[in-house]
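The values are calculated or read from the model by the stated rules, or taken from the named source; none is laboratory data. Model, not experiment: these values are computed from the prediction. Positions of Cβ are generated from backbone atoms using ideal geometry, with glycine treated the same way; all protein chains shown enter the neighbour counts. The area values use the complete protein model at the heavy-atom level, side chains included, leaving out ligands, DNA and RNA. Shrake-Rupley method; radii C 1.70, N 1.55, O 1.52, S 1.80 Å.
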Amino acid sequence: SKIYLRILHLEDSESTYIKAGGSHMRPVNLYLLTRDMDKNTYTEFENILSARKERMQIKEHEFGSLRRLVDILQEKGVTIAQLDGFFYSYTIRQIGKEFDLLKIDDPNRVLNIELKSMSVTEEKIERQLLKNKYYLGTLADRLDMYTYVEETDSLYTLQDNVLKKAEFSELVCAVKSFSEYGTDNPDKLLQAKNYLISPLNMPKEFLEGRYFLTQQQEMIKKNICDSQSLKSSGTGFWGITGIAGTGKTLLMYDLAKEMSKNGRVLMIHCGMLSEGHRILNEIMENVDIISEADIISANVNVDGYQPQAYYVPGADSIIKHQFILVDEAQRMSENTLELIETVTESTKNDVKVCVFSYDYFQILSKTEQRRNIPAKLDALPEFTELKLSGRIRSNREMNSFIQTLLDLRERDQNRIYSYENVDVLFAKDEQEAAEIINFYKKEKGYTFIEYDDPIEGCAGDISVLEAAGMEFESVIITLTDHFRYSPEGILMGNAHPNPDYSYYRLLFQSVSRTREKLCIVVIGDEVLFGKVLGIQGRM
């Protein structure tokens, strides 16, 4: 557990730093903001004007572009008052989606201006504005969207989703027409949960393409699709790894969608299939989604491969698929891995690409730990591992709480958080626990993930084994006397009735499924309750 915590903390500190979006951020006046010409002080000046919760370092060329744009607008008659009310360099928390300038008249209009100091291709400008339109489209019926390029003093806008050059007079009219504007923090309007699409929990939205990949996901997708051409011969073995919440499953199903344009795709889920799996399997063309347990063998000869060919109920044999994707591969059996490797070698390169997604730390059983599938994947010929490091599914405050729950020594450095989306409750026995859980399920919409023995009078919505690869808005779990803290403050779990499983690992799998809210019901153990409640600073 200590090794995991160090790595989790490193992941967050290195890759989820958010340039803006603190809970107290406020709009600024662009004229007043750009009067400071000293590069040694304008960062501090901006941070104070915007009332940022977290410091943002402003680069000189970025601020130069803003100053130049403000000068142009003033020359064309825009007043100081009309330059008021802009959010500068705002980022949607969790997603990392940044907007250079935003002015919001909710719910009627939004003005978005992107700034470029150097020339970039029109294709990149158009792609950025289209993404911005997707995210901002939830705020207003009318979107005025522009990109200013300082190097060429040029202006672009979107017209019917197509990029076109614009006159500065258009932007001037847009700025002047905002007679009123909102001052509320955009965090209240642009909530990450509205854009974080899970293909398994939200299959309809996924199939409709109502999502965007992060820059890191796009880069990994490009590496796999370009470096190993989907139309060329030769097999490529790829690994996509990352801790919980980094978007592995979304990327895998997006890859399946892309690869299905060039051949047949087999998606193997190493776990129990959910309703989302079944919906996607029915609708996605040229894609077969199965559980690893669905792979069966038949004693026939295929392409000289002796003695068995492997088949999937309801689908053609594995050798008929050009692309094999394996989700939750850390749980894969050695036999399945050997099968995939053998089939790709024995089918005259019909299989072009094999992609495995896995999490080194989402290991539920001792058997999975002994197998060490990630190490065996690394031994595959020409295997390439690509890493997702930015946590996008749950906010940093929730990540902080989970870290501290597992190791109380993290508490002091995480005191900056109030953990307002975490409820820690006490029940004297299972009967009281059932009443609390049922209340949270029925009245608050929480999902009860069952990793312990069933609680009488309260059915689990899903078991921890079924929850692999899934996510839920609000999660409720229990802590019983199976758990305790060591003298050092490290959460420990008793031996599980099934010697292959660990209460500690099942707990971590459960809490890592939440996106927004978490409720922990401590049953019967007041000492344990006091320690967990103390994370929130109440005791």
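When Ser357 is tested against the conditions (1) modelled with pLDDT under 85; (2) in contact with a helix residue (DSSP H, G or I) (Cβ under 7 Å, 6 or more places away or on another chain); (3) under 20 Å from Val464 (Cβ atoms), the lone failure is (1).
Applying a threshold of 8 Å to beta carbon distances and a minimum spacing of six or more residues, or different chains, the list of pairs starting in region 367-391 at a residue that is of a type in the set (S, T, N, Q) and ending at one that is in a loop (DSSP other than H, G, I, E, B) and open to solvent by less than 30 Å² (accessible area, probe 1.4 Å) reads Gln369/Ile363; Ser389/Gly242; Ser389/Thr246. With respect to the conditions (1) under 26 Å from Glu44 (Cα atoms); (2) within 26 Å of the chain's Cα centre (by Cα); (3) among the acidic types (Asp, Glu), Glu126 lacks only one, and its number is (1).
Among the residues of region 113-166, those identified as touching a residue at least 24 places away in the same chain (Cβ under 8 Å) and at positive phi are Asp153, Asn161.
Among the residues making up region 125-178, those that are open to solvent by 40 Å² or more (accessible area, probe 1.4 Å), acidic (Asp, Glu) and under 17 Å from Lys103 (Cα atoms) are Asp141, Glu170.
For region 412-421, state whether one or more residues are surrounded by 20 or more Cβ atoms within 10 Å (Cβ to Cβ) and touching a residue at least 40 places away in the same chain (Cβ under 8 Å). No, region 412-421 contains no residue that is surrounded by 20 or more Cβ atoms within 10 Å (Cβ to Cβ) and touching a residue at least 40 places away in the same chain (Cβ under 8 Å). Restricting attention to region 130-152, the residues that are of a type outside the set (Phe, Trp, Tyr) and either in a strand (DSSP E or B) or over 21 Å from Arg210 (Cβ atoms) (or both) total 9. State the number of residues belonging to region 355-367 that are closer than 24 Å to Ala256 by Cβ and of a type outside the set (Ser, Thr, Tyr). Selection size over region 355-367: 4. Each residue in region 14-55 was checked for being at pLDDT 75 or above, aliphatic (A, V, I, L, M) and open to solvent by less than 100 Å² (accessible area, probe 1.4 Å), and 7 pass. Looking only at residues in region 508-539 that are of a type in the set (A, V, I, L, M) and open to solvent by 40 Å² or more (accessible area, probe 1.4 Å), which one is nearest to Glu368 (Cα to Cα)? Top of the filtered list is Val527.
Arg127 satisfies every condition listed in (1) under 27 Å from Asn29 (Cβ atoms); (2) assigned to a helix (DSSP H, G or I) except (1).
Residues in region 238-296 that are among the aliphatic types (A, V, I, L, M) and assigned to a loop (DSSP other than H, G, I, E, B) were compared, and the one that is farthest from Met332 (Cα to Cα) is Met284. Would you be able to tell me the number of residues in region 56-69 that are open to solvent by 60 Å² or more (accessible area, probe 1.4 Å) and either β-branched (Val, Ile, Thr) or modelled with pLDDT of 85 or more (or both)? The number of residues fulfilling the criteria is 1.
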